[in-house]
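Below is one structure; the comments refer to it alone.
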Amino acid sequence: MTQFDNPNQKKMYEFLKEYIKHHSYSPKLSELVDALNMSMKTVRLQRDKLSEKGLIEVVAGSQRGIRLLK
């Protein structure tokens with residue numbers, strides 16, 4: 001089994017890797033919504049799933065609070 005449960009997770013993770021590589025900080029959730037063409041609910045759900053899998057860390061209280069762990 002792959003580390004992603006669905007295409008949205010992979011799409012988000014790959015986008016996060018590229019975004020952070022180019023900007024040195026993570027995107028806001030609203031930027032993920034726009035870039036990935038997903039609803040806010042879906043973005044939050046996939047972000048939380050990636051966090052549960054240990055691929056990212058979500059930093060509470062930060063607008064750009066996503067860190068790649070792998």
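Things worth noting here:
- Of the criteria (1) modelled with pLDDT of 95 or more; (2) open to solvent by 60 Å² or more (accessible area, probe 1.4 Å), which one Thr2 fails: (1)
- Exactly one residue among Lys17, Lys41 is touching a strand residue (DSSP E or B) at 6+ places or on another chain (Cβ under 9 Å) and open to solvent by 70 Å² or more (accessible area, probe 1.4 Å), and that residue is Lys17.
- Of all residues in region 48-61, those being open to solvent by less than 40 Å² (accessible area, probe 1.4 Å), touching a residue at least 24 places away in the same chain (Cβ under 8 Å) and in a loop (DSSP other than H, G, I, E, B) number 1.
- The lone exception for Leu29 - which of (1) touching a helix residue (DSSP H, G or I) at 6+ places or on another chain (Cβ under 8 Å); (2) surrounded by fewer than 12 Cβ atoms within 10 Å (Cβ to Cβ) it fails: (2)
- Residue check for Lys11: under 12 Å from the mean Cα position of the chain (by Cα) and either acidic (Asp, Glu) or exposed (fewer than 15 other Cβ atoms within 10 Å of the Cβ) (or both): no
- Scanning region 19-46 for residues that are under 11 Å from the mean Cα position of the chain (by Cα) and under 14 Å from Lys70 (Cα atoms) yields a single hit, Ile20.
- Subset of region 1-15 (residues that are assigned to a helix (DSSP H, G or I), more than 14 Å from Gly54 (Cβ to Cβ) and of a type outside the set (S, T, N, Q)): Pro7, Lys10, Lys11, Met12, Glu14, Phe15
- Which numbered condition Arg64 misses (of (1) part of a loop (DSSP other than H, G, I, E, B); (2) in contact with a Pro (Cβ under 9 Å, 6 or more places away or on another chain); (3) open to solvent by less than 60 Å² (accessible area, probe 1.4 Å)): (3)
The values are calculated or read from the model by the stated rules, or taken from the named source; none is laboratory data. If you're wondering where the values come from, they're calculated on a predicted model, not measured in any experiment. Please note: Cβ atoms are built from the backbone with ideal geometry, for glycine as well, and neighbour counts cover all protein chains shown. For the accessible areas, the whole protein counts, side chains as well, though only heavy atoms, and no ligand, DNA or RNA atoms are used. Shrake-Rupley method; radii C 1.70, N 1.55, O 1.52, S 1.80 Å.
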